[in-house]
Amino acid sequence: MPGRRLPAMTIKPPKHAAAGVSAVAVSLKRSLERMGPARTLRTLRVINQPEGFDCPGCAWPEAAPGARHIIEFCENGAKAVAEEAMSARADAAFFAKHSIADLEGRSDHWLGEAGRLTTPMIKRPDDTHYRPTGWDDAFAEIAAQLVALEHPDRSVFYTSGRTSNEAAYLYQLLVRSWGTNNLPDCSNMCHEATGVALSEAIGVGKGSVTLADFDEADVILIVGQNPGTNHPRMLSTLETAKQGGAAIIAINPLPEAGLLRFKNPQKARGVAGDGTKLADLHLPIALGGDQALFQLWNRWLVARDREFPGTIEHDFIARYTSGFDDLVQHLDSVDESVLLERTGLDGAEVRRAFDVVASSKRLIICWAMGITQHVGAVSTIREMTNLALLGGHIGRYGAGLCPVRGHSNVQGDRTMGIWERPGETFLAALEAEFGQPMPREHGFDAVDAIRAFRDGRADVMIGMGGNLLRAVSDTDVAEAAMRTAKLTVQVSTKLNRSHVVGGQTSIILPTLGRTEIDASPHGDQFVTVEDSMGLIHASRGVLPPASDDLRSEVAIVCDLALALLGANHRVPWRTFRDDHDAVRDRIEATVPGFDRFNERVRVPGGFTLPHAARDERRFNTSDGLAQFAVTAVTAEPKVTGQLLLQTLRSHDQYNTTIYGFDDRYRGISGDRHVIMMNTADIAELGFRDGDIVDIISTFADRERRARGYRIVDYPTPRGSAAAYYPETNVLIALDHRSAEAGTPASKAVPIRLEAGAGRV
Ligand SMILES: Nc1nc2c(c(=O)[nH]1)N[C@H]1C(S)=C(S)[C@@H](COP(=O)(O)OP(=O)(O)OC[C@H]3O[C@@H](n4cnc5c(=O)[nH]c(N)nc54)[C@H](O)[C@@H]3O)O[C@H]1N2
Ligand SMILES: Nc1nc2c(c(=O)[nH]1)N[C@H]1C(S)=C(S)[C@@H](COP(=O)(O)OP(=O)(O)OC[C@H]3O[C@@H](n4cnc5c(=O)[nH]c(N)nc54)[C@H](O)[C@@H]3O)O[C@H]1N2
Ligand SMILES: [Mo]
């Protein structure tokens, strides 16, 4: 195949500090380019303020209203806003100009640049182009296709994590009233392992800290997370914690700039000086080595306690936990050399970090995708939880578990019932409230949904936001699977690959974004979201909508319900459509923790959901106790010529949305087709920095190849390479995932390299 010339690239050494004034400059430049001055001013002033909208970037919480900065956002939050509030439009004229075949040949970046969707569009089986359609016709078509199915289980309803609580609640209610639990979501590819592990261990699948705990912590572990890019507001929290005396240990194969140093642009020192040093220690762990590291630490902790009783918290263990004796027996039996080998770390540095961890009285453990996107993710999180339990760090001020969520409302969507495996209590509550029977059989998660289309077990896919086709693994398989669908529908703000590779009939329903005013006959409506620490608050848009023909997600769900279930259905869809207070009343009646929802959410700053483990050391597990877990770490045989590849985010993207080509902190700009490799690995495999290679994953079933990647010599451990997602999803077999959580193992893909000719 002919090679294509690579775009101009520049490679510089990685940076050692994140944010600073250049971050402010970049955010202003991007905002002005995309939105113009008036909209820039209007939006940036109210992001994350009590009277404004919740930043559509990440799920890191805002400080209490009085403690907020005048500007409570970050460079990447500003980019996320600019991407939504941009002036470009993918309108009917755009679709008349570009055929589906044309759009299929375009990059993710190009599709996003086309701008906001403005009007409902449809592509029927023999069409070459999308054509405008009316809202009523679109809903009638969707309802007709659904009703024609053999069973509701042949339809799948995906959700991405920007959807508001109100829209998510109504969406799951619609889907279950229709008769299926096929409600996969982005969480299936994200923090699912966290939910599974924490539900088993402490009885609730959410983190056990609030923002205030960071001020009291004495040690903070940041494991498998790149906050400088993905949760930049977390850096201010860490800066404060650091100044309060906390030690920070970063556990990450890469020396990510945001872990090392933070130049706070809101403070004089951050603008002019060197900023604040964050991590006291950085452990450059090998991909997938974390379970071994925590197991080693837990073993040493138990051993040290024999010498210095009180190293672990015996009172807490005796009163609140089960499984301690089994754990100790197991830890005593493991082979330290196997564990150390798996970490890829130097024994002395592991010891040094252990001394810090063992001395902690108030330990916070933070983690994200570097932990969850592995085959053994659940075991790793159980092992990290073991550490927290040994020290009694749950339900103690200044300590706890802190999974850092991705999408701004992904946690809320799950609270609202977006889940393919709903619990009986929740279903029974819905039935009691609405008098409508709910299905019990579990549905498909994200990967299983793709398998179902591939194997002819599903016909209709509806996406509430997101871009499942690019987000899920095994891109070629996923695309072929989705082309077999009879109908695909996307409710979205922006064009992406999931709109152009679709079923025989494809429909686009354009929706309002977070930034926009949601007007209704009952007055302007607001929605609510839940952040990573269980805080619920309101979000109100401030901009006029991108087009007069947009509808809110809530209205779209209700309109579809009316078309599908009829005007006489037991659920009052018409009322819900225009009155979000009415929806919140029903959430209060069916979801625990939402007492006086409408009243409390109107208090600036909102309210925090109860969390039995954090608040009362009450553990809703199978035996009513916090559970230690025995997990097995096995030695990995070395395969000559094989590396592990992690697929991660650049500083210039939001998941599958590619903002640009400048991975600023890593010093890589101009092109995303790069593979970051250790110097010795490059030499051992017979390559040189700058060579162009094909990446081939080594799964047994067949070869998967990503062509034309430039080798970048990078400070990553031996055997651990890195490349950007979503391009590298072509390499990941659908079956390469966590058995317990179903999450694709996107951070440990076995690969080999071949000299490449260039990209096609
Ligand atoms: N600007 C921006 N913000 C975002 C997003 C975005 O795309 N752009 N996405 C949002 C979403 S949905 C999510 S889930 C979060 C994602 O936030 P992150 O989890 O920070 O995202 P990744 O880029 O996947 O980074 C994974 C990090 O884990 C490290 N890592 C990889 N494998 C391992 C391992 O085996 N062990 C350890 N210890 N570390 C490892 C990588 O080197 C990298 O630093 O961010 C959210 N916020
Ligand atoms: N290889 C690999 N694969 C991964 C990951 C990885 O690290 N490596 N990360 C995984 C993770 S953590 C996640 S969360 C998933 C992300 O998976 P998704 O959540 O499915 O993907 P996004 O790229 O966030 O979705 C972006 C699209 O959402 C739509 N959108 C934006 N805002 C709104 C809104 O307000 N309403 C509606 N209705 N639509 C909106 C736009 O059309 C936009 O194109 O990807 C996963 N896939
Ligand atoms: Mo995510």
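At an R0 of 35 angstrom, the distance between the Cβ atoms of D127 and D689 translates into a FRET efficiency of 0.15. Surface listing: L339, L562 arranged by accessible area from highest to lowest gives L562, L339, probe 1.4 Å. Put a plus charge on the Cβ of each Lys and Arg, a minus charge on the Cβ of each Asp and Glu, and nothing anywhere else: the dipole of region 532-687 about its Cα centre is then about 360 debye. Measuring nothing but protein heavy atoms, the accessible surface of the chain at 1.4 Å probe radius is 52 percent carbon and sulfur. Distance distribution P(r), region 10-84, all Cα-Cα pairs, bin width 5 angstrom from 0: 3, 15, 25, 23, 17, 9, 5, 2, 1 percent.
With viscosity 1.306 mPa s and temperature 10 °C, the Kirkwood radius over alpha carbon pairs of the chain converts through Stokes-Einstein to a diffusion coefficient of 60 µm²/s. I need to check one value: relative contact order of the chain, counting alpha carbon pairs closer than 8 Å and at least 6 residues apart, in percent. The normalised contact order for the chain reaches 22 percent.
Shown for the chain: cysteine residues without a partner Cβ closer than 4.7 Å, namely C55, C58, C74, C186, C190, C558. The phi torsions of region 399-416, fed into the Karplus equation with coefficients 6.51, -1.76 and 1.60 and a -60° offset, translate into couplings of 9, x, 9, 9, x, 9, 6, x, 4, 4, 10, 5, 5, x, 4, 5, 4, 7 Hz, rounded to whole numbers, with Gly and Pro shown as x. Once the chain from S22 to S333 is taken as fully extended at 0.36 nm per residue, the excess over their C-alpha distance is 106.8 nm. Over region 643-755, the alpha carbon radius of gyration divided by the compact-protein estimate 2.2 N^0.38 Å works out to 1.03. Rg to Rh ratio, region 192-403, alpha-carbon atoms and Kirkwood radius? Across region 192-403, the Cα-based Rg/Rh ratio is 0.96. Charges were assigned to the Cβ only: +1 to each Lys and Arg, -1 to each Asp and Glu. The resulting dipole of the chain about its Cα centre is roughly 1780 debye.
Note on region 308-451: Rg/Rh from C-alpha atoms, Kirkwood Rh, equals 1.06.
Using a probe of 1.4 Å on the protein chains alone, the accessible area found for S87 is around 70 Å². With all protein chains in place and ligands, DNA and RNA left out, the 1.4 Å accessible area ranks W300, W419 as W419, W300, largest first.
Solvent-accessible area of D623, all protein chains in place: 80 Å² (probe radius 1.4 Å, heavy atoms, ligands and nucleic acids excluded).
For region 248-304, take the alpha-carbon Rg, divide it by the Kirkwood Rh, and send me Rg/Rh.
Ratio of gyration radius to Kirkwood radius for region 248-304: 1.18.
What relative contact order, as a whole-number percentage, does region 10-84 give when Cα pairs under 8 Å and 6 or more residues apart are counted?
40 percent.
Annotation: per residue accessible area for region 10-84 equals 42 Å², rounded to a whole number [probe 1.4 Å, protein chains only].
Taking 35 Å as R0, compute the FRET efficiency from the Cβ-Cβ separation of H69 and D548 and round it to 0.05.
Approximately 0.50, to the nearest 0.05.
In the chain, what % of DSSP beta bridges are antiparallel (nearest 5)? It would help to have the intermediate numbers written out before the result.
Working: 38 of 89 bridges.
In the chain, DSSP labels about 45 percent of beta bridges as antiparallel.
With a 1.4 Å probe and all protein chains kept in place, how much accessible area does L260 have, in Å² rounded to the nearest 10? So the heavy atoms of L260 present about 40 Å² to solvent. Between the residues I222, S208, G245, the greatest Cα displacement towards the positive end of the dipole of region 192-403, with unit charges on the Cβ of Lys, Arg, Asp and Glu, is found for G245. Taking the centroid of alpha carbons for each part, region 482-546 and region 351-413 are 32 Å apart. Each 10 Å bin from zero up to the one holding the largest Cα-Cα distance in region 477-578 carries the following percent of pairs: 13, 33, 33, 19, 1. Ranked from largest to smallest solvent-accessible area, with a 1.4 Å probe on the protein heavy atoms, L211, L32 come out as L32, L211. Looking at region 578-647, the trypsin sites (Lys or Arg not before Pro) that sit in a DSSP loop and have at most 14 other Cβ atoms within 10 Å of their own Cβ are R596, R602, K638.
The values are calculated or read from the model by the stated rules, or taken from the named source; none is laboratory data. Keep in mind the model is a prediction, meaning the values are calculated, not measured. When we count neighbours, we look across all protein chains shown, and the Cβ atoms used for this are built from the backbone with ideal geometry, even at glycine. Heavy atoms of the whole protein, side chains included, go into the accessibility calculation; ligands, DNA and RNA do not. Shrake-Rupley method; radii C 1.70, N 1.55, O 1.52, S 1.80 Å.
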